[in-house]
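The values are calculated or read from the model by the stated rules, or taken from the named source; none is laboratory data. Source: prediction; values computed, not measured. Note that we place each Cβ from the backbone using ideal geometry, even for glycine, and neighbour counts take in every protein chain shown. Just so you know, the surface numbers come from the protein's heavy atoms only, side chains and all, with ligands and any DNA or RNA stripped out. Shrake-Rupley method; radii C 1.70, N 1.55, O 1.52, S 1.80 Å.
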Amino acid sequence: MNVDIHNHILWGLDDGAQSPEETLALARDAVQNGITHVIATPHHMDGKYENPASSIMQRVDEANRLLTEHEVPLTILPGMELHLYGEIVQDFQAAKQTLLTLNHTQSYVLLELPYDHVPAYTERLLFDLQMEGYIPVIAHPERNHAIRERPSTLYRMVERGVLAQITAASVAGKFSDKYQEISRKLIEHNLIHFIASDAHNVTRRGFALKAAYEWIDHKLGQQYTRFFQENACRLISGRDIAAPSPLPFERKKKRKKFLGLF
Ligand SMILES: [Fe+2]
């Protein structure tokens, strides 16, 4: 079993696949990347797309039927990529459930931060979610400007039990050296628990998991690949994730005190 926990394979819900044909093409790309199961994670509450649980569930069924008809050996499971917003905890508590965890697990929630900053209420929100029994999985922290500038922001989250997922294309160097460099740094500080595709289409943003795992095998060692693959399998069945202690970042040396007086 080889699992991808973050992608936009379902058609017509967001900026991912736009038609059943595009879903099929993405599914074939996933299979070529050695993937057997994907958790589909359409955007939700990102200011552009709203995809309540019911529409995602329906599209998952339709997409699985399509894959069976075309004999594509891939299983799609339900999930969503939830953009950070203030009322997430209340919405999880609401009687009419609009939110989805990853594959209906009790705890795993895929959360997307804004690209440019980490909002001041993030820490509190993550804490409140954890108090409700959820385990937040931060999607592609390497793509957040504030985390790139100050990776210790992610360290503080992981230290408190939050998990994080890096995008395969970032690791594989398909975006830029900058993304590959920060990906390596975050992995080496034990801040990353999953690699996932965040695939949107086969032209520019495909699965790239094979290339990512090859790069990891080569640069960091096969034990890292096994760790990430095993974690994705654990996640879909709701088991605990292996999370080694995160390593803090060295502080920049303080400027020498002037004459030792201050
Ligand atoms: Fe995504």
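Worth pointing out:
- Under a model in which nothing but the beta-carbon of Lys, Arg (+1) and Asp, Glu (-1) is charged, the chain shows a dipole of about 1620 debye around its Cα centre.
- With every protein chain in place and a 1.4 angstrom probe, the accessible-area ranking of 175, 227, 92, largest first, reads 175, 227, 92.
- Between 219, 210, 174, the residue with the greatest mean-square fluctuation in the GNM of the chain (Cα pairs under 10 Å linked by springs) is 219.
- Rolling a 1.4 Å probe across all protein chains gives residue 59 an accessible area of roughly 50 Å².
- Heavy-atom accessible surface of the range 3-241, averaged per residue, reaches 43 Å², computed with a 1.4 Å probe.
- Computed accessible area, residue 149, all protein chains, 1.4 angstrom probe, square angstrom: 130
- Near residue 31, once Lys and Arg are set to +1 and Asp and Glu to -1 for all other residues with Cβ below 14 Å from its Cβ, the sum equals -1.
- Rounded, prolate or oblate (a/c below 1.5 giving rounded, otherwise prolate when a/b exceeds b/c) for the range 162-223 by Cα gyration tensor: prolate
- Members of 48/210; 185/210; 48/185 lying beyond 28 Å, as alpha-carbon distances in this model show: 48/210; 48/185
- Cα-based shape type of the range 65-190, given that a ≥ b ≥ c are square roots of the gyration tensor eigenvalues and the cut on a/c is 1.5: oblate
- Long-range Cα-Cα pairs in the range 127-262 (distance over 18 Å), rounded percent: 57
- For the chain, a Gaussian network of Cα nodes joined below 10 Å ranks 16, 206, 221 by mean-square fluctuation, and the top entry is 221.
- Whole-percent carbon and sulfur share, accessible surface of the range 155-233, 1.4 Å: 44
- Once C-alpha pairs closer than 8 Å and six or more residues apart are averaged by separation and normalised to the residue number of the chain, the relative contact order reads 19 percent.
- Binning the alpha carbon pair distances of the range 30-87 at 10 angstrom intervals from zero yields the distribution 22, 44, 26, 8, 0, expressed in whole percent.
- Debye-sum result for the range 3-241 in log10 I(q)/I(0), which assumes one identical scatterer on each alpha carbon, at q = 0.12, 0.16 Å⁻¹: -0.61, -1.15
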